[in-house]
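Worksheet: the structure to be examined is printed underneath.
The values are calculated or read from the model by the stated rules, or taken from the named source; none is laboratory data. What you see is a predicted model, and the numbers here were worked out from it, not measured in a lab. FYI the Cβ positions are ideal-geometry reconstructions off the backbone, even for glycines, and counts take in every protein chain you see. Calculation scope for accessible area: heavy atoms of the full protein, side chains included, ligands and nucleic acids excluded. Shrake-Rupley method; radii C 1.70, N 1.55, O 1.52, S 1.80 Å.
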Amino acid sequence: MFHRDGPTFRELARQALTSVEHGYDLLAPKFDHTPFRTPDPVLKAALAHVGSPGSVGSALDVCCGTGAAMRVLRPLCRERVAGFDLSQGMLDEARKRLADAPGIAALDFVRGDALALPFDAAFDLVTSFGAFGHILEEDEPRLVAGIARALKPRGRFVFVTARPPSALNPGYWVAKGFNAAMRVRNALWKPPFVMYYLTFLVPRARVLLEAAGFDVEVREGDMPEPFGRLVTVIATKR
């Protein structure tokens with residue numbers, strides 16, 4: 001699962017016993033060598049739905065990590081691509097890794113809480129990849145409301161998720177087991193580390209988005225293998 005340049009088991013354990021913010025500060029230099037980073041084929045397949053180069057004015061990537069999606073977004077944008085993340089370490093890595101990113105759009109790096117996005121009708125496009133597991137289910141409406149507020153009218157929110165897996169799928173029980181272990185960890189150890197699987201799946205994501213004023217389209221069958229179970233969601237603000 002991990003590249004030879006990725007984190008050691010000891011480093012991962014240290015990360016898991018701290019907060020989300022500090023954990024990702026620790027992981028940032030090696031994050032791109034872990035399976036937690038969204039693969040480039042997934043990013044490119046999802047963002048192929050956005051449009052041609054230069055077709056977007058400004059874009060925001062929520063929980064941008066080390067900037068993988070921002071690299072794909074920049075050629076699509078004319079004005080600005082902003083990366084937003086809780087971890088300053090991840091933002092610092094993103095700034096370094098994007099120094100040679102193709103495109104003309106200005107790059108901004110903003111630190112903050114995804115549940116309190118400080119933007120008002122500022123972007124034509126919002127994206128987020130691999131971040132929903134860090135949002136508790138009860139907080140998902142706040143995340144969606146903040147994204148809606150950050151978008152201009154008819155702006156789009158594009159992300160990747162999946163449909164709920166069958167209980168006959170072994171992966172379903174692996175994810176459930178991980179979630180149970182994480183709940184025990186958070187009950188016994190502070191600060192909590194929020195990271196769960198099987199979150200913000202279709203159809204729950206559709207329900208939350210429609211309630212927040214989005215028209216929702218789910219694109220299936222556009223992901224390369226072995227990512228075929230993933231779907232791209234395009235939510236357009238009314």
Whole-Å distance, taken between Cα centres, linking the stretch 1-70 and the stretch 122-144: 15 Å
In the set (1) 17.7; (2) 21.6; (3) 18.3, which value of Kirkwood radius over Cα pairs in Å was calculated from the structure you see? (3)
The chain: calculated mean residue ellipticity at 222 nm from DSSP helix runs of at least 4, using -39500 (n - 2.57): -9500 deg cm²/dmol
Choose one answer from Phe193, Phe214, Phe178: the residue with the largest mean-square fluctuation in a GNM of the chain with alpha-carbon springs under 10 Å. Phe178
Hydropathy first: keep DSSP H helices in the chain averaging at least -1.0 on Kyte-Doolittle, then drop any whose Cα extent along the axis falls short of 18 Å, and list what survives. 170-188
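Strictly over 31 Å apart at the Cα level, which of Lys44/Lys237; Lys44/Lys152; Lys30/Lys237; Lys96/Lys152; Lys152/Lys190 would you flag in this model? It would help to have the intermediate numbers written out before the result.
On the way: Lys44/Lys237 23 Å; Lys44/Lys152 24 Å; Lys30/Lys237 36 Å; Lys96/Lys152 29 Å; Lys152/Lys190 39 Å.
Those over the limit are Lys30/Lys237; Lys152/Lys190.
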Please check which bits of the stretch 50-74 a label hung off Lys44 would reach, taking the label as a point 7 Å along Cα-to-C-beta and the cut-off as backbone N under 12 Å. 72
Pairs of alpha-carbon atoms within less than 8 angstrom and 6+ residues apart define the contacts here; what relative contact order does the stretch 4-64 have, in percent? 29 percent
List the relative contact order of the chain as a percent without decimals, with contacts defined as Cα pairs under 8 Å and 6+ residues apart. 19 percent
If you count, for each residue, the other Cβ atoms within 10 Å and average over each peptide, how do 98-109, 138-149 line up from highest to lowest? 138-149, 98-109
Quote to one decimal, in nm, the extra length available between Leu198 and Val174 on full extension: 0.36 nm per residue of separation minus the C-alpha distance between them. 7.6 nm
Cα→Cβ-extended label distance, 7 Å offset, between Gln88 and Arg4, nm: 3.5 nm
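To check you understand DSSP bridge types, tell me what percent of the beta bridges within the chain (both residues inside) are antiparallel, rounded to 5.
Here the antiparallel bridges make up roughly 40 percent for the chain.
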How much accessible surface area, in Å² rounded to 10, belongs to the heavy atoms of Lys190 with a 1.4 Å probe? 140 Å²
